[in-house]
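Here you go, one structure.
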Amino acid sequence: MHDDITLTTGRAHRVLTERIWPAVHGTSVPLDVEWHVLPGEPVPPAEGLALAMEPYEVGTPWGPAWGTTWFRLTGAVPAEWAGRPVEAVVDLGFDVNMPGFQCEALVYRPDGSTVKSINPRNQYVPVADAATGGERVELLLEAASNPVLLDYHPFLVTQEGDSTTASPRPLYTTRRMDLAIFEAEVHDLALDIEVLLELQAELPTGPRRMQILQALDDALDVLDLQRIPQTAAAARAALADVLASPAEQSAHEISAVGHAHIDSAWLWPVRETIRKVARTTSSMADLIDRTDDFVYGMSSAQQYAWVKEHRPEVWTRIKDAVAKGRFLPLGGMWVESDTVMPSGEALARQFSQGQRFFEREFGLRTHGVWLPDSFGYSPALPQLVRRAGFDWFFTQKISWNQVNVFPHHTFWWEGIDGSRVLTHFPPMDTYNSQLSGEEVAKASRQFREARHATGSIAPVGWGDGGGGTTREMTGKARRLADLEGSAKVRWEHPDAFFERARGELIASGHGDSAVWVGELYLELHRATLTSQHRTKQGNRRNEQLLVEAEAWAATASARTGAVYPYKELDALWQQVLLMQFHDILPGTSIAWVHREAVAQHASVTAGAQAIIERSLRTLVGEGDTVLRANPAAFAQAGVPALGVAPAAGATAAPSTLTELPDGGYVLANDLVRVTLDAAGHVTSAVDLASGRDAVAPGREANVLQLHQDFPNKWDAWDVDRFYRNSVTDLREAEKVTATVDDGVAVVTVRRQFSSSSLEQVITLAPGSRTLEVAMETDWHEAEKFLKVAFPLDVRAEHVAAETQFGFHKRVTHTNTSWEAAKFETSMHRWVLAEEPGFGVGLVNDSVYGYDVTREVSDDGVAPSPGVPAVTTTVRLSLLRAPRFPDPETDQGVQTHRYGLVVGADTAAATEAGATFGARPRELRGGAGVTPLVGVTGGVTLSAVKLADDRSGDLVVRVYEALGRRASGSVTVAAPVAGARTVSLIEDDVEAGAVDVAADGAVTVELSPFEVRTLRFALA
Ligand SMILES: [Zn+2]
């Protein structure tokens, strides 16, 4: 027989797209349309519905970037349509390939209730399931003309990403605003053909594929292309047998969950996300009402809170659907945050604020962490996920790796402390599944744990900018439930999937072969550790200030009865948590978003400072004694952690400054001696006790290096490996001055380079082994990457970098492709290169990225000439200048503080990192304050606060920071009625009771990197 496969598939494709889909809404009449163009920002729906309207003609261009246009659509259902389902069909000028990235609209009835939303893949509005004929129709559309910023030629520089720079020209032209009969049988035929056409494309040439192809030909033979609605049923009958053939016993099982990834801000501002969420959820509520088994999952308490506040008419529908178990709150976080950069406390608050919201509004907790789309996952996360009470973790982003294919899809992920959490990556490699035949087959083909497990998850629906699941997707799911040749698809809560997967992994007896230990490093988007410096700086600053504000407010409450500012602190934390969203903190949003993030961070700073000042004032009372309040977890300047004490005189001898004949300087104190050359570079930094020099012989440290940085795509996200191939060392100093100020040796260096300039104030304080650099850069570069390099005379096999509640080690070599891919990695407050007995740390106040290279000199140097000398070069990532999506990224004045810690181990680096950004504050008052909480024996303080439930209980979070066992105590210096261990989010846990000694002390044994949360009832 002749091979007619391409003839049949070509025929089916053409008839489907050109004839059958258009016939779904075949018979139509135009609606009368009026409009009102709103200048500037949107207005609440009640105002929008009341706006005066003017006549509008379909085909008239509308919608400047970021504008809102209200349309009123009116008409009457033709009498002859009685008994038929009728829909309004609206095409605002859509590009069907980009739902969520362009114009969209929410549809209201005149009474203000919502129907659903309109987007490129969802252009209908139900009017009547069975029309009576002649009924009046009135619909109002709140249409947003958001500009397309990422399209067929992505990553081009654009000014449309901010309302202040966008052009006023209309972006869209409406094509259709009609009433139409919905031909359900034609819609079903279209889905039948689409499912079969996509399925056969994935099948080998064999009986099943051939039978499907013949059925398609048979169906198309009986379909009259001039009378499609009248002949659709006959065509469907020809397909019935191949659609009824059941799936194989061993078919892969797909747990589908309706979804719309909605970035809380990205190529749109936060205010637009509020409306995006309302649009998507109203459509999902409508789809839930029209189906029996479809379930829709949505993460991010913040997004629910927005709907509740701004679109109460949609909120009621969400609440109803949640109560019915069809709308599934997922993830338990405030937002889908970045997890690499937030502090441990901030991640704890992502969970506690998220779960508290779900508990308060829906009376439920979520059981897993849902993070399909952030840029790598911290190795501290498994412990935090487990200790917050979650059972599972979900992502898929690691499928974006540039080099290495991740070896698992369902596995145990083990963190730095040994905690394991059951983790799943959908083998479909997407969080925006359309349930296409290709995706379904890919899930089945790629699933790595098929030996021991039966299924995978598919998040189904348009996403990034929202949109969600369509009736076409639910129609496909129905056909794929049990279909020969395909994986089986069913709608299911992810909890049910994870419970089954856990059982299968354990029952297989091979669960231990599916374990991944350590960070989930994303081999892409590495520059998100550096882009949009001010946003990152605000995050680091406010994480510290809020923890400080809580500690002083809790102390003031326990000691003086001062009112604890629960509400204020919640509101401030929620702002910081929102700014940790995975396109805000990583610096990958439009200019508008980052302009607002910087302003929000400034407002959080002011709010936190006010709480701190108020609390300290209450605590120290009236008086004129000069006091120092120490906000850090370690004693500083003679003041204990979280204590206030009279400022003592200097105990260490003043630092000295000596000018050298060649124009350089020597800065020295009792601990270290640092030599700068005439250009202000560090040529030597000697630890006086050991005599070891931190700087490699003949090398210079604190050298600024400027790289060309133009990645192949994803400008704000990516730095590509080749960036290292071109580099300019900024060696020229315009001016170098030196002085000793109040016992501190100070050298100031000014440099001009390219179109920019910078000033570094390099200081060595008495009694400190940290050479500090305060830097101000007037940055006017495009597509450049600024690093500062420290070639260290340390043979380090690993470099340790701080993460949440501890650190992780990364090897310094590039033996395998996995290590080679990690050419830019993450840190929090410190990074340490160490060999036994001597290490050098780098601390910082707002840096998150660094890289390490090793060089071996065969010549060798003293003390062993002829023996290879290893130099470990650590470089901090300071500034970038990508031009998409924000063409002005990081331009203007930027500040950094960092320090070289000469002679450090992990304990010293931890302490130096913790104190570097939490220096004592000076104030005047009556008396000092003994700390409310003290710790001993290798126990490190993380938070001291009052309990979220507003009971007045004191919550103290501690951790083991050094990766070893700790045996110590936590003492509360206030009358204590009892204590217990609670979860990371302050829930009771099994066997949580702990004994409290008469002096308020609790004995604490911690395993390596363990986080422990204690709750004290105060007497
Ligand atoms: Zn995202």
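Of the residues that sit in the range 683-721 and are β-branched (V, I, T) and open to solvent by 10 Å² or more (accessible area, probe 1.4 Å), which one is farthest from L671 (Cα to Cα)?
Of the residues in the range 683-721, the ones β-branched (V, I, T) are 683, 686, 695, 703, 719.
Filter again for open to solvent by 10 Å² or more (accessible area, probe 1.4 Å), leaving 683, 686.
Working: T683: 17, V686: 9 Å.
Among those that are β-branched (V, I, T) and open to solvent by 10 Å² or more (accessible area, probe 1.4 Å), it is T683.
Between a residue in the range 474-498 that is free of Cβ contacts under 8 Å to residues at least 12 places away in the same chain and any residue that is open to solvent by less than 30 Å² (accessible area, probe 1.4 Å), which pairs come within a Cβ distance under 8 Å, given they are 6 or more apart or on different chains?
Pairs that qualify, where the first residue is free of Cβ contacts under 8 Å to residues at least 12 places away in the same chain and the partner is open to solvent by less than 30 Å² (accessible area, probe 1.4 Å), are A481/V489.
Moving to a separate point now. Does G866 fit the bill of being out of contact with any strand residue (DSSP E or B) (no Cβ under 6 Å at 6 or more places or on another chain), at pLDDT below 95, open to solvent by 30 Å² or more (accessible area, probe 1.4 Å) and not acidic (D, E)? Step through it out loud before you land on a result.
Working: out of contact with any strand residue (DSSP E or B) (no Cβ under 6 Å at 6 or more places or on another chain): yes; at pLDDT below 95: yes; open to solvent by 30 Å² or more (accessible area, probe 1.4 Å): yes; not acidic (D, E): yes.
It is true that G866 is out of contact with any strand residue (DSSP E or B) (no Cβ under 6 Å at 6 or more places or on another chain), at pLDDT below 95, open to solvent by 30 Å² or more (accessible area, probe 1.4 Å) and not acidic (D, E).
From the list E472, E449, which one is at pLDDT 95 or above and surrounded by fewer than 24 Cβ atoms within 10 Å (Cβ to Cβ)? Quick ask: steps written out before the conclusion?
Details: E449 fails: surrounded by fewer than 24 Cβ atoms within 10 Å (Cβ to Cβ).
Checking each option against the conditions leaves just E472.
Within the range 601-619, identify whether any single residue is open to solvent by 10 Å² or more (accessible area, probe 1.4 Å) and closer than 22 Å to T889 by Cα, and answer yes or no.
Yes, there is a match, as at least one residue in the range 601-619 is open to solvent by 10 Å² or more (accessible area, probe 1.4 Å) and closer than 22 Å to T889 by Cα.
In the range 565-594, which residues are touching a residue at least 40 places away in the same chain (Cβ under 8 Å), part of a helix (DSSP H, G or I) and surrounded by 19 or more Cβ atoms within 10 Å (Cβ to Cβ)? Don't jump to the end; show me each part of the working.
So the first thing to find is which residues in the range 565-594 are touching a residue at least 40 places away in the same chain (Cβ under 8 Å), and the list is 565-566, 568-570, 573-574, 576-594.
Adding the requirement that they be part of a helix (DSSP H, G or I) leaves 566, 568-570, 573-574, 576-579, 591-594.
Scanning the range 565-594 gives L569, W573, Q574, V576, L577, L578, M579, A591, W592, V593, H594.
Any chance you could count how many residues in the range 278-312 are under 17 Å from the mean Cα position of the chain (by Cα), in a helix (DSSP H, G or I) and within 16 Å of the ligand (Cβ to nearest atom)?
Residues in the range 278-312 being under 17 Å from the mean Cα position of the chain (by Cα), in a helix (DSSP H, G or I) and within 16 Å of the ligand (Cβ to nearest atom): 2 in total.
OK, next. Can you confirm whether H780 is open to solvent by 10 Å² or more (accessible area, probe 1.4 Å) and under 30 Å from S755 (Cβ atoms)? Can you show your working first?
Working: open to solvent by 10 Å² or more (accessible area, probe 1.4 Å): yes; under 30 Å from S755 (Cβ atoms): yes.
Criteria met by H780.
OK, next. Being away from the ligand (no atom under 16 Å from the Cβ) and acidic (D, E) is the filter; apply it to the range 462-490 and report the residue that is nearest to N146 (Cα to Cα).
In the first step, residues of the range 462-490 are kept if they are away from the ligand (no atom under 16 Å from the Cβ); the result is 469-490.
This time we only want the ones that are acidic (D, E), so: 472, 482, 484.
Numbers: E472: 25, D482: 40, E484: 43 Å.
So the residue we want is E472.
Okay, moving on. Which pairs do you get when a residue that is open to solvent by less than 30 Å² (accessible area, probe 1.4 Å), found in the range 958-978, comes within reach of a residue that is aromatic (F, W, Y), reach meaning Cβ atoms under 8 angstrom, with the pair 6+ apart or on two chains?
Y959/F805; Y959/F1009; E960/F1009; A961/F805; A961/F807; A961/F1009; V972/F1016; G978/F1016
Take T871 and decide whether it is in contact with an Asp or Glu (Cβ under 7 Å, 6 or more places away or on another chain), modelled with pLDDT of 95 or more and closer than 21 Å to P697 by Cα.
On the way: in contact with an Asp or Glu (Cβ under 7 Å, 6 or more places away or on another chain): yes; modelled with pLDDT of 95 or more: yes; closer than 21 Å to P697 by Cα: yes.
Answer is yes for this residue.
Another question, then. Only one residue in A632, A645 is within 37 Å of the chain's Cα centre (by Cα), aliphatic (A, V, I, L, M) and open to solvent by less than 30 Å² (accessible area, probe 1.4 Å). Which one?
Numbers: A645 fails: within 37 Å of the chain's Cα centre (by Cα).
Checking each option against the conditions leaves just A632.
If you don't mind, another one. Can you list the strands (runs of 3 or more DSSP E) lying wholly within the range 316-424 that have 2 or more residues being more than 19 Å from the chain's Cα centre (by Cα) and either within 16 Å of the ligand (Cβ to nearest atom) or not small (G, A, S) (or both)?
Numbers: elements: 327-329, 368-370, 392-394, 410-414, 420-424.
In the range 316-424, 327-329, 410-414, 420-424 are the strands (runs of 3 or more DSSP E) which contain 2 or more residues that are more than 19 Å from the chain's Cα centre (by Cα) and either within 16 Å of the ligand (Cβ to nearest atom) or not small (G, A, S) (or both).
Oh, and also: Give me the residue from the range 988-1019 that is out of contact with any strand residue (DSSP E or B) (no Cβ under 6 Å at 6 or more places or on another chain) and part of a loop (DSSP other than H, G, I, E, B) and, out of that set, surrounded by the fewest Cβ atoms within 10 Å (Cβ to Cβ).
For the range 988-1019, the residue satisfying everything is A998.
Would you mind stating whether L189 is touching a residue at least 60 places away in the same chain (Cβ under 8 Å), within 23 Å of A23 (Cβ to Cβ) and in a strand (DSSP E or B)? Talk me through it step by step, then tell me what you get.
On the way: touching a residue at least 60 places away in the same chain (Cβ under 8 Å): yes; within 23 Å of A23 (Cβ to Cβ): yes; in a strand (DSSP E or B): no.
So L189 does not fit the description; no.
Take the range 210-244 and flag every residue that is exposed (fewer than 14 other Cβ atoms within 10 Å of the Cβ) and either among the polar types (S, T, N, Q) or within 16 Å of the ligand (Cβ to nearest atom) (or both).
Q226, Q230
Here's a follow-up. Considering only the range 796-817, I want to know if a residue exists there that is within 22 Å of R880 (Cβ to Cβ), touching a residue at least 60 places away in the same chain (Cβ under 8 Å) and in a loop (DSSP other than H, G, I, E, B).
Checking the range 796-817: not a single residue is within 22 Å of R880 (Cβ to Cβ), touching a residue at least 60 places away in the same chain (Cβ under 8 Å) and in a loop (DSSP other than H, G, I, E, B).
Which residue, of A908, A912, is assigned to a helix (DSSP H, G or I), of a type outside the set (K, R) and surrounded by fewer than 21 Cβ atoms within 10 Å (Cβ to Cβ)? Explain how you work it out, then say what you get.
Details: A912 fails: surrounded by fewer than 21 Cβ atoms within 10 Å (Cβ to Cβ).
Selected residue: A908, the only one of A908, A912 that is assigned to a helix (DSSP H, G or I), of a type outside the set (K, R) and surrounded by fewer than 21 Cβ atoms within 10 Å (Cβ to Cβ).
Applying the selection to the range 263-274, what residues are in contact with a helix residue (DSSP H, G or I) (Cβ under 8 Å, 6 or more places away or on another chain) and open to solvent by less than 10 Å² (accessible area, probe 1.4 Å)? Reasoning before the result, please.
Looking only at the range 263-274, we keep the residues that are in contact with a helix residue (DSSP H, G or I) (Cβ under 8 Å, 6 or more places away or on another chain), and these are 263-266, 268-270, 273-274.
Scanning the range 263-274 gives D263, S264, A265, W268, P269, T273.
Now, a different point. Which of the residues that make up the range 253-272 are more than 11 Å from the ligand (Cβ to nearest atom) and outside any loop (DSSP other than H, G, I, E, B)?
Of everything in the range 253-272, those that are more than 11 Å from the ligand (Cβ to nearest atom) and outside any loop (DSSP other than H, G, I, E, B) turn out to be E253, I254, S255, A256, V257, G258, V270, R271, E272.
Additional query: Here are A904, A909, A947, A927: which of them is in contact with a Phe, Trp or Tyr (Cβ under 6 Å, 6 or more places away or on another chain) and either in contact (Cβ under 8 Å) with a residue 40 or more places away in the chain or within 30 Å of G621 (Cβ to Cβ) (or both)? I'd like the intermediate steps shown before the answer.
Details: A904 fails: in contact with a Phe, Trp or Tyr (Cβ under 6 Å, 6 or more places away or on another chain); A947 fails: in contact with a Phe, Trp or Tyr (Cβ under 6 Å, 6 or more places away or on another chain); A927 fails: in contact with a Phe, Trp or Tyr (Cβ under 6 Å, 6 or more places away or on another chain).
That would be A909, the only listed residue that is in contact with a Phe, Trp or Tyr (Cβ under 6 Å, 6 or more places away or on another chain) and either in contact (Cβ under 8 Å) with a residue 40 or more places away in the chain or within 30 Å of G621 (Cβ to Cβ) (or both).
The values are calculated or read from the model by the stated rules, or taken from the named source; none is laboratory data. Quick caveat: nothing in here was measured; it's all calculated off a predicted structure. So basically every Cβ, Gly included, is an ideal-geometry build from the backbone, and we count neighbours across all protein chains shown. Only protein heavy atoms, including side chains, enter the accessible area calculation; ligands, DNA and RNA are left aside. Shrake-Rupley method; radii C 1.70, N 1.55, O 1.52, S 1.80 Å.
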